[in-house]
Amino acid sequence: IGLSTARAMGLALNIPVVGVTTLSVLAAAYLSQHRIDKNFLVLIETKRSDFYGQYFSPMGNTLSEPFALPAEVIVDTYLDQPVVLVGDANDRFLSLLPADKKGLIQAVAGFEVPDADFISRIAYARYESGDTASVPEPLYLRGADVSQSKRIQRVIED
């Protein structure tokens, strides 16, 4: 809904609309306050069994596409070396880690909510670089969660 509104306003006002992901905003906010020598993982809550995330280099370059994965796949894929953990999913993710992997994680608090300042900075940088040719599209990291109702359905007979 928000993206549709932004696109409609951009069209009506004849101004470009630039898409920015929550994951990139949290990464930018983290990097603005920390200089590190480790890769970092931005994880955000889905309130389900998986996590939304993206893997970044110490310079903020993306090392993975955004993903929706369960904790065990994240551990197997990204925890072969020490990493910094950023986002609002720290506590739940840490509680699911095997004991031998806990020493590889440095969890950092304070980067749970996207900051409007960083959203505008990233969008403006993309605009300045000419990255406005494509219309922003929604980023769906997993399919719809649809299931058949468990309630007995009424049948209307002729």
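The values are calculated or read from the model by the stated rules, or taken from the named source; none is laboratory data. All values reported here derive from a predicted model rather than from experimental measurement. A quick note on method: Cβ atoms are made from the backbone with ideal geometry, for glycine too, and the neighbour counts reach across all protein chains shown. Ligands, DNA and RNA are stripped out before the accessible areas are found, and what is left, the full protein with its side chains, is counted by its heavy atoms. Shrake-Rupley method; radii C 1.70, N 1.55, O 1.52, S 1.80 Å.
In the range 133-140, the condition of being at pLDDT 90 or above, within 20 Å of the chain's Cα centre (by Cα) and in a loop (DSSP other than H, G, I, E, B) is met by no residue. Taken as a whole, the condition of being modelled with pLDDT under 95 and on the phi > 0 side of the Ramachandran plot does not apply to Gly103.
Could you identify the single residue in Ile74, Ile44, Ile36 that is open to solvent by less than 70 Å² (accessible area, probe 1.4 Å), part of a helix (DSSP H, G or I) and aliphatic (A, V, I, L, M)? Give the steps one after another, and end with the answer.
On the way: Ile44 fails: part of a helix (DSSP H, G or I); Ile36 fails: part of a helix (DSSP H, G or I).
After ruling out the rest, the residue left standing is Ile74.
Within the set Ser129, Ser57, Ser95, the sole residue that is within 16 Å of Ser24 (Cβ to Cβ), over 17 Å from the mean Cα position of the chain (by Cα) and not aliphatic (A, V, I, L, M) turns out to be Ser129. The set of residues in the range 98-116 being open to solvent by 60 Å² or more (accessible area, probe 1.4 Å) and more than 17 Å from the chain's Cα centre (by Cα) consists of Ala99, Asp100, Lys102, Gly103, Gln106.
How many residues are among the β-branched types (Val, Ile, Thr) and in contact (Cβ under 8 Å) with a residue 60 or more places away in the chain if we restrict to the range 1-41? Reasoning before the result, please.
The first filter runs over the range 1-41 and keeps only residues among the β-branched types (Val, Ile, Thr), leaving 1, 5, 15, 17-18, 20-22, 25, 36.
Cutting the leftovers down to in contact (Cβ under 8 Å) with a residue 60 or more places away in the chain gives us 17-18, 20-22, 25.
Looking only at that region, the number is 6.
Restricting the range 49-68 to residues that are free of Cβ contacts under 8 Å to residues at least 40 places away in the same chain and open to solvent by 40 Å² or more (accessible area, probe 1.4 Å) leaves a set whose member that is farthest from Phe111 (Cα to Cα) is Ser49.
Once the range 1-25 is narrowed to residues that are under 15 Å from Leu141 (Cβ atoms) and touching a Phe, Trp or Tyr at 6+ places or on another chain (Cβ under 9 Å), the residue that is surrounded by the most Cβ atoms within 10 Å (Cβ to Cβ) is Leu23. Under the condition of being open to solvent by less than 50 Å² (accessible area, probe 1.4 Å) and over 22 Å from Arg35 (Cβ atoms), the residues counted in the range 80-93 number 2.
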